[in-house]
Amino acid sequence: MTSINVRVDGMSYSDDVEPRTLLVHYLRETLGKVGTVVGCDTSNCGACTVHLDGESVKSCTVFAVQADGCEVTTIEGVSSSDGTDGALHPVQKAFHEMHGLQCGFCTPGMIMASIDLLKENPSPSETEIREGIEGNLCRCTGYQNIVRAVQQAAGEMSGSPAGADTLGAQA
Amino acid sequence: MTVTEDAATLAPAKEVGQPRRRKEDARLITGRTTWTDNMVLPGMLHLAVVRSPVAHARITGIDVSAAQQAPNVVAVFTGRDLAEEQGSIPCAWPVTPDMVNPGHPSIAVDQVNHVGEAVAIVVGRSKAAATDAVELVDVDYEILPPVLDMEAAVAEGADLVHDQLESNTSYHFVFDAGEAGTGADTEQAFADAEVVVSRRLVQQRLIPAFMEPRSVVVQPQGDNFTMWSATQIPHVLRVMLAMVTGVPEHKLRIIAPDVGGGFGGKLQVNPEEVLALLLARRLGKPVKWTETRSESLMAAHHGRGQVQFIDIASDREGNVKGLRVRLLADMGAYLRLITPGVPALGAFMFPGIYKFPAYRFECDGVFTNKVPTDAYRGAGRPEATFAIERIMDELAVELGMDPLELRRKNWIQAEEFPFTTVAGLEYDSGDYEQATQKALELLGYDELRAEQQRRRESGDPVQLGIGFSTFTEMCGLAPSRVLGSLSYGAGGWESASIRMLPTGKVEVVTGSTPHGQGHETAWSQLVADQLGVPFEDVEVLHGDTAVSPRGMDTYGSRSLVVGGTAVVKAAEKVVAKARKVAAHLLEASEDDLEFADGKFSVRGTPGATVGIQEIALAVFAAHNYPEDVEPSIDAEATFDPVNFSFPHGTHLCAMEVDTDTGMVKIRKYACVDDVGTVVNPLIVEGQVHGGLAQGIAQALYEEAVYDADGNLTTGSFVDYLVPSAADLPHFDTANTVHAAPGNPIGAKGVGEAGCIASTPAVVNAALDAVRHLGVSDILMPLTPERVWRAIHQGGDGGDRATAGTNAYGGAQTESTAGVSTPASSLGGDR
């Protein structure tokens, strides 16, 4: 067992973990942060994406011990309070507004990856969004509304009106 | 009047038709979800399954002693330990009276019949402890020859999957329109035909690949059991588990909490669900099993898997005269819930939207040493649509006709609905011409045809093609009597109830169990309109057999059509009951009452009104209500449709094919779907998008590949290519609306449309781009390698080079390590 100190979603934790424990298993099983999920064994699907010191990582490819001394943000920590509508992160809000999710299993990872994408590229083109989130698989949406959601969030976060290809009459 | 006053006096907008944002999203976008794997119970034990690394073998010995002594392992069970109580995984669809079902143990006892079949289970105090000990279970196998290729499996003298059976054929199913009285004699039609085109088409095996891996938790409480499972079908599962395990149905409660996608892949009674229940019973402790992705790809059921021999007859002017289909349908090693029924369901859709005078369908269900097939989005209908839409293009080429003109010449005209097809189905409504015109405009058809011509003439290495798919499907599964006539083991009704709470809030209980479709939102819209209550005042309850006791669950684009209608019918009953109370409270005759916008008012008496939400409180207090009624306005309804519904649409794909590299790229995709009345356009568009992604993925990316030993070489997401955002195009979608006459909503079903329609459009587009180079077929998926070989070496591109996949190069899975034959493990290239 190895001792680690980690801040997760603003709270500090000290735990003894097996060196082989993956960060995602530490989050889910030790901390009960079950908003972050496991979708594959091979780092292909991205469902487990979290931020480690502000950068998106697939938490199934990070050992918990590697997060020692780090700041981890999960889907449960991105909105400013308890998830009431007014407090949602602009990307969360945009996924809701643009119907960027169906079953929602990929959504936590997809949102975390999108937030990181927009940090690096605040006004991405459609192609840049598609390539930017290609490490995250979604089986439900066909991605089109996820792309729209990221575009809308980009507009809101940069303070400009929604530049997204909205749903026409449905918007 | 000012604008403000005007708005205030307007009736509230109808909810149906509004793009309501989903109620479900709040928990899903914040990570406050209830996936089964999130569940932790005191003293819970974890299961890990030891799976067969070989496709076909006798089990000659299992040594579990080392595993039993591993740290934190509680117990290890083999098939022998559970043989007396495990029963057989049920098959609900014996498609012919003499169908052969060898039985399907949840855990192998004497023999394994596919890679990934369970042979032992380790129970540990933690998931890690159980998983670690899997490697310590030592199983001796006496290898038998694997039966993998269907055409070889049905040949004379073939090795047998099940040596107690006489052959590898489970059943021979025939539908003959001449014999059924729905069409002319097919053999005669072909004998008389001026033109006959025949093709052999292949529907590769696909994997549903829902994002949430399967998971099950069972909690024993005395002689009661509660099971949480990532399932599409909690109600069906409850009945089936009771029948299989002998746990009485009333002692069993099934809960499907948040479920992360299914696509038919969770329409199953899974071996692991049976095993978890048996072990929870035996150990008296809560147990959990959650699969890894590799287990999911290897051991959860697959879809498709057909070899299709299709013949079409016509005259020289392109009037079709007959259709003949012979299928080999891959059952895999066993029959699961509806394994044999999937191709039989497709039998009725091969004629598509065309007026064939004669039709004959034959299908052999064939056993192979692979994981069983079963429902996957569309289930039988994508296979049928692919075959008919591909052969229509082949016939057009043969006749030198435009493929759209050929279709137009033969499709059912708008004024001919309702139309009874040669397969005996009554298509309800639609207008194929209207949808097609709209789709052509959406695509920018004329301009792309001109560009195609320019590229042809200039000999551009990147050629352009346009592919059509004008499709229909049967949805709204299903009229119970029809299911009965097809020997299906259950009905197709759906149940709903509405509970009016004292504060006026409304609980809607539905038997249709969602896993991403948005029932909570759409059902709220239906009820808000029916009862005249705010959308926000409606809560939809589902997925728990104790809360929602009756249901047939979600599959086959049935939820809105059947389940939504049950909700509407229940709401009508609530209004009818409330009307009696309203008449009593208003001291008026029921006949003088009008109900609108949630209020009963007395005709001709302004101000005499009472709201339905007030009536809910009145019957709760029950101080003042009519003497001849119960003090409740709650109601339930069960709806059994009398016919299927038939969504249709025109899908167009423009495809660029790089003839130097074989790379294909969708330039533009446009589709116009008619799914009847649209309750929520946002959800409908999302369903179409998702279906398109899966249908396009069949055409371009996905295939479950087995090597010559029966190892699944696409056993991870490294090799099984679920497309990413970068692999898919933008979709241009639109709708036409012809309401379904068979239900009061007018809805036809949308869940499978995109998946059914898109695959042939994509393949037809690729072929249209390179047909002038002598290519007439390319096997799916259209990998660059296959496309390049078809262009430069002729033929259909050939099988995928399995030895070149990553599964061979380095990422050998645990289950295949050490057991492959020298030839396969070397993979040719190593």
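The values are calculated or read from the model by the stated rules, or taken from the named source; none is laboratory data. The shown structure was predicted, so the numbers you read here are calculated from the model rather than taken from an experiment. Cβ atoms come from the backbone with ideal geometry, glycine included; neighbour counts cover every protein chain shown.
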- Query: A:Gly104 fails exactly one of the following numbered conditions: (1) surrounded by 23 or more Cβ atoms within 10 Å (Cβ to Cβ); (2) more than 9 Å from chain B (Cβ to nearest Cβ). What is the number of that condition?
  - Reply: (2)
- Query: From A:Val72, A:Val65, A:Val50, which residue is in a helix (DSSP H, G or I), surrounded by 14 or more Cβ atoms within 10 Å (Cβ to Cβ) and in contact (Cβ under 8 Å) with a residue 60 or more places away in the chain?
  - Reply: A:Val65
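Return the only residue of B:Val100, B:Val112, B:Val122, B:Val139 being aliphatic (A, V, I, L, M) and touching a helix residue (DSSP H, G or I) at 6+ places or on another chain (Cβ under 7 Å).
Step by step, each of B:Val100, B:Val112, B:Val122, B:Val139 is checked, and only B:Val122 is aliphatic (A, V, I, L, M) and touching a helix residue (DSSP H, G or I) at 6+ places or on another chain (Cβ under 7 Å).
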- Item | Only listed residue being of a type in the set (S, T, N, Q), modelled with pLDDT of 95 or more and touching a Ser or Thr at 6+ places or on another chain (Cβ under 6 Å), chosen from B:Asn764, B:Asn743 | B:Asn743
- Test B:Leu477 against the stated conditions and say whether it is assigned to a helix (DSSP H, G or I) and under 22 Å from B:Pro647 (Cβ atoms). no
- Task: From B:Gly79, B:Gly61, grab the single residue that is in contact (Cβ under 8 Å) with a residue 12 or more places away in the chain, over 34 Å from the mean Cα position of the chain (by Cα) and more than 26 Å from A:Glu29 (Cβ to Cβ).
- Result: B:Gly61
- Just give me the residues in region A:91-127 being in a loop (DSSP other than H, G, I, E, B), touching a residue at least 24 places away in the same chain (Cβ under 8 Å) and not polar (S, T, N, Q), in sequence order. A:Met98, A:His99, A:Gly100, A:Leu101, A:Cys103, A:Phe105, A:Cys106, A:Pro122, A:Pro124
- Query: Is there a residue in region B:426-446 that is buried (at least 22 other Cβ atoms within 10 Å of the Cβ) and assigned to a strand (DSSP E or B)?
  - Reply: no
- Task: Answer yes or no as to whether B:Asp132 is assigned to a helix (DSSP H, G or I), acidic (Asp, Glu), surrounded by 23 or more Cβ atoms within 10 Å (Cβ to Cβ) and not assigned by TED's automatic domain parsing to the domain that holds B:Cys363.
- Result: no
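Each row is one residue, and each column tells you yes or no for (1) over 21 Å from B:Ala129 (Cα atoms); (2) of a type in the set (A, V, I, L, M, F, W, C); (3) within 12 Å of chain B (Cβ to nearest Cβ).
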position	(1), (2), (3)
A:Gly10	yes, no, no
A:Tyr13	yes, no, no
A:Pro19	no, no, no
A:His51	yes, no, no
A:Val72	yes, yes, no
A:Val78	yes, yes, yes
- Which condition number does B:Ser487 fail, the rest of (1) modelled with pLDDT under 95; (2) of a type in the set (Gly, Ala, Ser); (3) in contact with a Ser or Thr (Cβ under 7 Å, 6 or more places away or on another chain) being met? (3)
- Only one of (1) assigned to a loop (DSSP other than H, G, I, E, B); (2) farther than 23 Å from B:Ser495 by Cβ fails for B:Gly262. Which number is that? (2)
- Residue under evaluation B:Leu682, criteria (1) in contact with a helix residue (DSSP H, G or I) (Cβ under 7 Å, 6 or more places away or on another chain); (2) assigned by TED's automatic domain parsing to the domain that holds B:Arg20; (3) in contact (Cβ under 8 Å) with a residue 12 or more places away in the chain, criterion not met: (2)
- Task: Look at A:Gly46 and say whether it is away from every other protein chain (no Cβ under 12 Å) and on the phi > 0 side of the Ramachandran plot.
- Result: no
- Task: Could you grab me the full set of residues in region B:586-603 that are touching a Phe, Trp or Tyr at 6+ places or on another chain (Cβ under 8 Å) and assigned to a helix (DSSP H, G or I)?
- Result: B:Leu586
- May I ask you to say which residue of B:Ala384, B:Ala396, B:Ala358 is more than 16 Å from B:Ala423 (Cα to Cα) and either buried (at least 24 other Cβ atoms within 10 Å of the Cβ) or touching a residue at least 60 places away in the same chain (Cβ under 8 Å) (or both)? B:Ala396
- From the residues in region B:168-200 that are among the hydroxyl-bearing types (Ser, Thr, Tyr) and crowded, with 16+ Cβ neighbours inside 10 Å, which one is nearest to B:Val775 (Cα to Cα)? B:Thr186
- Message: Of everything in region B:24-50, what is buried (at least 18 other Cβ atoms within 10 Å of the Cβ) and more than 14 Å from every other protein chain (Cβ to nearest Cβ)? Give them in sequence order.
- Response: B:Leu45, B:Leu47, B:Val49, B:Val50
- Item | The lone exception for B:Gly690 - which of (1) surrounded by fewer than 21 Cβ atoms within 10 Å (Cβ to Cβ); (2) in contact (Cβ under 8 Å) with a residue 60 or more places away in the chain it fails | (1)
